[in-house]
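No lab work stands behind these numbers, since they all come straight from the coordinates. Keep in mind that this is a model prediction, so the values were computed, not measured. Don't worry about glycine lacking a Cβ; one is built from the backbone with ideal geometry, like all the others, and counts go over all protein chains shown.
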Amino acid sequence: MKKIFILTILTTLSSVSLASDEQIVCPNSSAEIVAMIQAPGTYCFQAKEIANQCAFGSSRDLKTAGAATAVCLKEAGKLSSADQSLLAVMENRCNQTYENQQGTMYQSMNAFCHLDAVSFIRNLQSDIENEQM
């Protein structure tokens, strides 16, 4: 049952595209995209949108999705043990999904799966914080 729940979450995360009003102009350099993601004042949602819109579909995405993941983790701060456990399960599921796949496209998909997992945890925190206000 737990595996079905996690698979459902990951499937939902990968199929839902958050609406963004502004189109991002993506440079050809992954280093420039990483700089956009790491710019001061960039939040998790923005970092994820930049990474998604500027995706190469190759191993170059390891840097950009990784940078966005780092932004989301930093924003999330210290995770509760429950959030750490859920994140570990989700990240393991990402790894299991792509471990037998070859090619840079699958490396990219795995990197974005990890980003989706971290941003999901961050979104849960945001929902809880909003309820407490």
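Annotations for the structure displayed:
- Placing pseudo-labels 7 Å out from each Cα toward the beta carbon at Glu99 and Tyr43 gives an inter-label distance of 3.6 nm.
- Hz values of 3J(HN,Hα) by residue in the stretch 70-76 - Karplus curve (6.51, -1.76, 1.60), Gly and Pro given as x: 4, 4, 5, 5, 5, 5, 5
- Extension gain, Ser80 to Glu32: 0.36 nm times the residue separation minus the Cα-Cα distance gives 14.0 nm.
- Note on Asp116, Asp83, Asp61: ascending count of other Cβ atoms within 10 Å places them as Asp83, Asp116, Asp61, the fewest first.
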